[in-house]
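To start, the structure itself, in C-alpha cells.
The values are calculated or read from the model by the stated rules, or taken from the named source; none is laboratory data. No experiment lies behind these values; they were computed from the predicted model shown. Note: ideal-geometry Cβ built from the backbone for every residue, glycine included; neighbour counts use all protein chains shown. Surface accessibility is based on the protein's heavy atoms, side chains included, excluding ligands, DNA and RNA. Shrake-Rupley method; radii C 1.70, N 1.55, O 1.52, S 1.80 Å.
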Amino acid sequence: MNTKKVNKLALAVIKLIAAVVVVILAFLLGKILLSGLPHVSWHFLTTPSRSFTAGGGIGIQLFNSFYLLILTLLISFPLSLGAGIYLAEYAPKNRVTEGVRMAIEVLSSLPSVVVGLFGFLLFVVQFKMGFSIISGAIALTFFNLPLLTRNVEDSLNNVPKLQREAGLALGLSKWHTVTKIILPEALPGILTGIVLCAGRVFGEAAALIYTAGQSATNIDFSNWNPFDESSPLNLFRPAETLAVHIWKINSEGIMPDAEQISAGASAVLIVAVLIFNLSARYLGNRLYKRLTASK
Amino acid sequence: MKAGKYDLNDTSIMNFDKQKQEIALSTHDLQVYYGNKHAFYDGNLQFERYKITALIGASGSGKSTFLRSLNRMNDDVATVTGEIMYRGIDINSKKINLYEMRKQIGMVFQRPNPFSKSIKENITFALKENGIKDKQKLDEIVEKSLRGAALWDEVKDDLNKSALALSGGQQQRLCIARAIAMGPDILLMDEPCSALDPISTLKVEETMHELKKKYTIIIVTHNMQQASRVSDYTAFFHMGHVIEYGKTKDIFTNPKIQATEDYVSGNFG
C-alpha cells in the first residue's frame, strides 16, 4: 500500500470510531430524554415524592441535589485551590511532596462506594452526624478533592513560566504574582475542572446512599432558618438526592408509576447537568475576559 | 568546539575611574553555582551609568546566568556568592528587600511576556499593586512609558485592547514600557530581540538609544552586530569566565585577547 492509501485508511478508521462514539452517546441521550421528558412537568418538578401512590414528584430531591452540590463545592473548592496553589507554585521537589501527589492519585481512584462506607463509619456513626446533608457533603469532598486539586495544579502549571518571571521582575511578591497574574490566566481551566466535578457530584449515588441517606424528609420552603429542622437549609437533615432517588425507585420503588418517575427523574438529571455545564462554561469565558481584558 | 584551547585566566578587564565615571552597578567576586556545577566564575565588573553594556559570548558561556543574578532572578535555582554593589548596598545580601530592589533594577526577557490583560493594564498593574491609585497619574505614566518605549503612536487608540493582539515586536516594546513604568535605575535585557524579526529588532534598538539617556542598560545578546550597534561597552564571556571587558569599539576592532578576537571575527573554536 502506498502512503496516500494508508493515510486515507487510517483517517477512515478514526472517523468511524468517532462516529460510533457519537452514535452511542446520541442514542443514550435521546432514549433517556425521549422516555423521560414527557413525564416532566412543573408539577413533577415541584411536588414531594410519594412512596405508595402515583402522582409523586421530585421537588425535594432536586433541591437536595443542588444544595448538596453547592455545599460540596463550598467545602472542596477552597481546599483544593489552596492545595493546588501550594503544589504548583510553592512545594519543593522532594519526597514529601511526591508522597502527597501519590496520595492524591490513590485517593482519586478510590471507588465511590468505599468513600460512602468510609463516610458512613466515620461521620454518620463515629462523629454522630447521622444521615445528613453535611455527612454527604464531606464524603463527596473526599471524592472530589483529588480531582479538583489535580486540576488546579495542572491549570496553574499550564501558565508559562515567563509570566511568573514578568511579575517577579516588576517587584511583585510571589503571592501577588500567583493570585493576580497566574490564577486569572488559569481560571478557565480551573472552571472546566469544577464543572466536571460538579457533574460527578450531581450524578453520584453510591457515596451518598450511606451518608446523606435515602429519605427525603418533608421540608418547608417558607422556612429559611438553617437551624430549624424543617428548613431546606438545615445541614443535619437526611437528604435523598435525585441520583439516589432514581437508584432507590428502581431497586425498591413500590409506587405504581415508579417507571415513569424514574424516567422523568433521569431526564431531569441529565438536563440539569447539561445546563450546569453550559452556564459554567459561559461564565468562565466571561470571567476570563473580564480578568484579562482580552477581546 | 575546541574552546578548551584558550587560557581562561588570560583576561583583560577594564576598570573605571570613579572620579570621572559614575558607576551604577558593580560586582565583586561573583560566583554562580547550579547545584554542584560552577557556572560562573569571579565576576568583577563595573557598569557605567547611562551607558549600554553588552554581554556577548556563545550559548552556555554564563552571560544570562550572570545577568539574571544581578536582580536575583536566579535565587530559586542557583547559589550566588560575592557582592553586587548598587548605591553602596550589597544587593546580593539576604537582608535585601527583593521587591524594592527589583523596582530599581528592571528586566526585559528573551521572549515578550505581556500579561494577558489590556495594553494599559499591563503597565498599570504593578503600579496599582504599589499603591498608585490616582487615575490621572496612572494615565500619565502609561503615556510616558509607552512613549519611552516608542510604542505610543502605534497603540494610543487601542489602550484597552488585549496586549496579546500586538505583534511580537510591539509586545516586546510593551514589556520595555512596563519595565520603565516602575521608574527603574537599571534595565537588564536578556536577549530582548532574539524572538523578533529584523524590523522589530531595529525599532527596539532605536528605543534603547533613547532609553540610555535615563537608564543604565545591560543587555545580553547573541547578535554581534547588535552589540556593536547599540552598546558603549562590551564584555565577552567564555565558559563561565569574563575574558575581556572594554569599550565596544576596542572589543570589536582591537581586542586584546585571542579568544575575543576569534569570537568577534567568527573564527571561534
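Side notes on the structure shown:
- Complete set of residues in the range B:229-250 that are touching a residue at least 40 places away in the same chain (Cβ under 8 Å), in contact with a helix residue (DSSP H, G or I) (Cβ under 7 Å, 6 or more places away or on another chain) and at negative phi: B:230, B:231, B:232, B:233, B:234, B:236, B:237, B:238, B:243, B:244, B:248
- Filter result for residue B:217 (under 21 Å from residue B:123 (Cα atoms), within 14 Å of chain A (Cβ to nearest Cβ) and not in a loop (DSSP other than H, G, I, E, B)): no
- Considering only residues in the range A:150-189 that are within 13 Å of another protein chain (Cβ to nearest Cβ) and among the charged types (D, E, K, R), the one that is least open to solvent (accessible area, probe 1.4 Å) turns out to be A:165.
- Residue count for the range A:252-277 satisfying the condition of being in a helix (DSSP H, G or I), over 15 Å from residue A:59 (Cβ atoms) and either under 24 Å from the mean Cα position of the chain (by Cα) or of a type in the set (D, E, K, R) (or both): 13.
- Hits in the range A:125-137 (condition: out of contact with any Phe, Trp or Tyr (no Cβ under 6 Å at 6 or more places or on another chain) and within 15 Å of residue A:206 (Cα to Cα)): A:131, A:133, A:136, A:137
- Any hit, the range A:247-268, residues being modelled with pLDDT of 90 or more, β-branched (Val, Ile, Thr) and assigned by TED's automatic domain parsing to the domain that holds residue A:86: yes
- The numbered conditions (1) assigned to a helix (DSSP H, G or I); (2) open to solvent by 10 Å² or more (accessible area, probe 1.4 Å); (3) closer than 19 Å to residue B:7 by Cα are all true for residue B:242 except (1).
A quick yes/no check of all residues on (1) open to solvent by less than 40 Å² (accessible area, probe 1.4 Å); (2) among the aromatic types (Phe, Trp, Tyr); (3) more than 26 Å from residue A:128 (Cα to Cα):
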position: A:236; (1), (2), (3): no, yes, no
position: A:242; (1), (2), (3): yes, no, no
position: A:268; (1), (2), (3): yes, no, yes
position: A:278; (1), (2), (3): no, no, yes
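- Note on the range B:20-30: among residues that are open to solvent by less than 20 Å² (accessible area, probe 1.4 Å) and out of contact with any Lys or Arg (no Cβ under 6 Å at 6 or more places or on another chain), the one that is nearest to residue B:212 (Cα to Cα) is B:25.
- Look at (1) part of a helix (DSSP H, G or I); (2) open to solvent by less than 90 Å² (accessible area, probe 1.4 Å) and you find that residue A:15 fails only one, number (2).
- Residue match in the range B:162-182 (condition: within 23 Å of residue B:219 (Cα to Cα), open to solvent by 10 Å² or more (accessible area, probe 1.4 Å), in contact with a Gly (Cβ under 8 Å, 6 or more places away or on another chain) and within 13 Å of chain A (Cβ to nearest Cβ)): yes
- Residue count for the range B:143-160 satisfying the condition of being within 14 Å of another protein chain (Cβ to nearest Cβ) and either open to solvent by less than 90 Å² (accessible area, probe 1.4 Å) or among the small types (Gly, Ala, Ser) (or both): 4.
- Looking at B:191, B:206, just one residue is in contact (Cβ under 8 Å) with a residue 40 or more places away in the chain, surrounded by fewer than 24 Cβ atoms within 10 Å (Cβ to Cβ) and closer than 19 Å to residue B:155 by Cβ, and that residue is B:206.
- Residue match in the range A:221-232 (condition: within 22 Å of residue A:130 (Cβ to Cβ), assigned by TED's automatic domain parsing to the domain that holds residue A:87 and touching a residue at least 24 places away in the same chain (Cβ under 8 Å)): yes
- Criterion (under 20 Å from residue A:28 (Cα atoms) and within 17 Å of the chain's Cα centre (by Cα)) met by exactly one of A:204, A:240: A:204
- Only one of the listed residues (A:246, A:194, A:209, A:219) is under 16 Å from the mean Cα position of the chain (by Cα), under 19 Å from residue A:67 (Cα atoms) and either open to solvent by 10 Å² or more (accessible area, probe 1.4 Å) or within 14 Å of chain B (Cβ to nearest Cβ) (or both). That residue is A:194.
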